[in-house]
Amino acid sequence: MSLEATGIFEPETGLSLNRRFTASATGFPPPPRRFRALPCSSFRISAPKTKILFCIPTSSVTAVVESNSATVTEKDEEDEISDPPVRIVALVGHGSLSPLKCAPWEEVMLHTANRLKWVDEGYEMQVFTDNVIESTSEQKLGNVERELSRADILVVVGVTNQESVEWIQSNGRKVENIICFESSPGLQNKLGGSFVESKSQSDGSFLGKISGISQSKKSNHTVEVVKTVSEAWERHNSDDIRFCILVIVNAYIRPVPILKNLRSKGFSTLNCMVKNCGTQILNCLLDPNCRKALQCLNKCSPVDQVCNYRCIASYESPSLEAFSLCVLQKNNCLELDAKIPEKPCVPPMVKFQDKDLCHEAAEDVFVGWLGGLDWSWRVVAGQNPAYDQFPCQYQLFYRGKAKGSFWYEPVFQVKTLEGEMVWRRRRYRVKRGKVPGTFYFSVLDNGVVSNEFWTIVDAPDDLSWGLFHYSGAARVAGQSYTGAVLVSPNGDYPNEVERRRLVSALERCGIKEWELYTVDNCSCIDPPLGIPEGSRLHNVIEVQR
């Protein structure tokens, strides 16, 4: 058996990693309705009559992968003090609209600036529109010039005005890192002080500029950074917009601890796998579905969560589960560790039907419409781009036979690589949190344990809709994540009367309405619903059928 390793890009910096945050990378997905497989480095394995690329997941594709360390040592405190702020300037075209439900780019970038603070309070991003360049106010223009003079990164979005372009070309010369999206082709990208030349890009996109890098500057590092940032940006969602900025920070300014697993661990990982999981590796290679899953994963882009997920969903098998259980869960061969993110801190609702919310009532809200309907809730929309956009998502919440037991079973559809629509179902154990309306979820799915913290953010007294926020982590996969789901009994969006309340609830989650993905609930034929016999439903509230 021969092994050939290839790694993923390293940051160009000698600074030590700040231990204020845990690693966040990936491996085989944290499950259920969002079982996600992430990027991987490749190892070529040769066996008799078999030669495939063996996928070892090592990198993170989502931007929402932040987690504070539970313990801060004296050295950590010193690191916090010594770390200078990372200064970012975003210059957006005045009146330009984003692909995120046509939200103004200015609003999107201001929101991104706030979300960067979830990762590190030292990330300071100032957002300006390019009409300030034409302003007669010397003070306003002076503010932009001052911020630009000390900026580590300049992000240009939607700037096409020629006067603005010329101003940026003149005043942005000293900025070491410039990334331009959906802007004039006259603007050049710069990474680590070197221009990323463009042959011809009439659409002003960043993606095509990789082909124009001169041979003298075409390092593997730069190519990988450009590819990663380009593919993430093309997703057009708030998570990956933030991820693009974090990748630049990690590569050219200082390490971003939550991205440290973008770097392959190499042969130490292989030694662990071969030593402890030889049987599981062999069984996977001999199993057609498991082998196809690994081959499929290896072809996915490091930032393509949907691709990775579809590989797992298309080729799930006992052999793949045994492989991930051995490599990740039992032996942690990737040496990863992730914790549930502490930010954003989302408060639960405190009143329901004119009473203080208690644990029993909170569980009843989760149980929702089950009993009158065959499901508790249907997902209308979700925030996380990795999994909340899958079609036909049903939620089943119920009390088990054992005293105090509570369960959650998501049922959802996935389109396989062969184009077939298939149903998937998972099972979470649910425990009450200290505060009513908060819960701890856990699941073992495809060999990996995921733990999540859920909050009932809001639900009207008539249960016409609900908003649930979650933060989670698959520890040994090195992956942490956040998101929220909007639910209703029939899968329809709340009416205009309720919209203001919904927007307020989303704000408490740090989420804008334009971030939500609408779930396709049009063709949901014969979902595998039903709950175990002897299960119990509501305890203290009555649901009007």
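The values are calculated or read from the model by the stated rules, or taken from the named source; none is laboratory data. These figures come from a predicted structure and were not determined experimentally. Cβ sites come from the backbone with ideal geometry, for glycine too, and all protein chains shown count toward neighbours. When the accessible area is computed, the model is the full protein with side chains, heavy atoms only, and any ligands, DNA or RNA have been set aside. Shrake-Rupley method; radii C 1.70, N 1.55, O 1.52, S 1.80 Å.
On the stretch given as the range 133-159, residues that are open to solvent by 20 Å² or more (accessible area, probe 1.4 Å), farther than 30 Å from GLU342 by Cβ and assigned to a helix (DSSP H, G or I) total 10. Among the candidates LYS415, LYS339, LYS343, the residue that is among the basic types (Lys, Arg) and more than 24 Å from VAL449 (Cβ to Cβ) is uniquely LYS415.
Residue-wise test of (1) surrounded by fewer than 18 Cβ atoms within 10 Å (Cβ to Cβ); (2) under 29 Å from VAL89 (Cβ atoms); (3) at pLDDT below 85; (4) not small (Gly, Ala, Ser).
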{"position": "VAL256", "(1), (2), (3), (4)": "no, yes, no, yes"}
{"position": "GLY266", "(1), (2), (3), (4)": "yes, no, yes, no"}
{"position": "CYS296", "(1), (2), (3), (4)": "no, no, no, yes"}
{"position": "VAL303", "(1), (2), (3), (4)": "no, yes, yes, yes"}
{"position": "GLU342", "(1), (2), (3), (4)": "yes, yes, no, yes"}
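Reported count of residues in the range 305-334, each being over 27 Å from GLN389 (Cβ atoms) and at pLDDT 85 or above, is 12. The residues of the range 122-146 that are among the acidic types (Asp, Glu) and modelled with pLDDT of 95 or more amount to a single one, GLU124.
Per the conditions (1) open to solvent by 10 Å² or more (accessible area, probe 1.4 Å); (2) outside any strand (DSSP E or B), the sole criterion not satisfied by LYS431 is (2). Per this entry, ALA386 is counted among residues that are closer than 17 Å to HIS469 by Cβ, touching a Ser or Thr at 6+ places or on another chain (Cβ under 9 Å) and of a type outside the set (Lys, Arg). For VAL119, the conditions (1) modelled with pLDDT of 95 or more; (2) open to solvent by less than 40 Å² (accessible area, probe 1.4 Å) all hold with the exception of (1).
I want to confirm something. Restricting to the range 156-204 and keeping residues that are closer than 17 Å to ASP130 by Cβ and small (Gly, Ala, Ser), which single residue is modelled with the lowest pLDDT?
Here is the first cut: in the range 156-204, the residues closer than 17 Å to ASP130 by Cβ are 156-172, 175, 178-188, 204.
Subsequent filtering for residues that are small (Gly, Ala, Ser) retains 158, 164, 170, 172, 183-184, 186, 204.
Numbers: GLY158: 96, SER164: 94, SER170: 92, GLY172: 92, SER183: 95, SER184: 94, GLY186: 92, GLY204: 51.
Restricting to residues being closer than 17 Å to ASP130 by Cβ and small (Gly, Ala, Ser), the top hit is GLY204.
Let me confirm something: among TYR394, TYR387, which residue is buried (at least 22 other Cβ atoms within 10 Å of the Cβ) and in contact with a Pro (Cβ under 8 Å, 6 or more places away or on another chain)? The match here is TYR394. Residues in the range 497-505: is at least one open to solvent by 50 Å² or more (accessible area, probe 1.4 Å) and among the polar types (S, T, N, Q)? Yes - at least one qualifying residue is present in the range 497-505.
Each row is one residue, and each column tells you yes or no for (1) more than 30 Å from GLN295 (Cβ to Cβ); (2) at pLDDT 50 or above; (3) part of a loop (DSSP other than H, G, I, E, B).
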residue	(1), (2), (3)
VAL65	no, no, yes
VAL72	yes, no, yes
GLU77	yes, no, no
PRO84	yes, yes, yes
VAL89	yes, yes, no
LEU110	yes, yes, no
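If only residues of the range 160-185 that are in contact with an Asp or Glu (Cβ under 9 Å, 6 or more places away or on another chain), of a type outside the set (A, V, I, L, M) and farther than 20 Å from VAL229 by Cα are counted, the one that is least open to solvent (accessible area, probe 1.4 Å) is SER164.
Restricting attention to the range 311-340 and to residues that are farther than 30 Å from GLU121 by Cα and charged (D, E, K, R), the residue that is most open to solvent (accessible area, probe 1.4 Å) turns out to be LYS330. If the condition is being outside any loop (DSSP other than H, G, I, E, B), closer than 17 Å to GLY95 by Cβ and not polar (S, T, N, Q), then the range 160-191 contributes GLU163, VAL165, PHE181.
Quick grid of which residues meet (1) assigned to a loop (DSSP other than H, G, I, E, B); (2) over 22 Å from VAL476 (Cα atoms); (3) touching a Gly at 6+ places or on another chain (Cβ under 7 Å):
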| residue | (1), (2), (3) |
| --- | --- |
| CYS326 | no, no, no |
| ILE340 | yes, no, yes |
| PRO344 | yes, yes, yes |
| MET349 | yes, yes, yes |
| ALA361 | no, yes, no |
| VAL365 | no, yes, yes |
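On the stretch given as the range 525-538, residues that are surrounded by 13 or more Cβ atoms within 10 Å (Cβ to Cβ) and either modelled with pLDDT under 95 or of a type in the set (Val, Ile, Thr) (or both) total 1.
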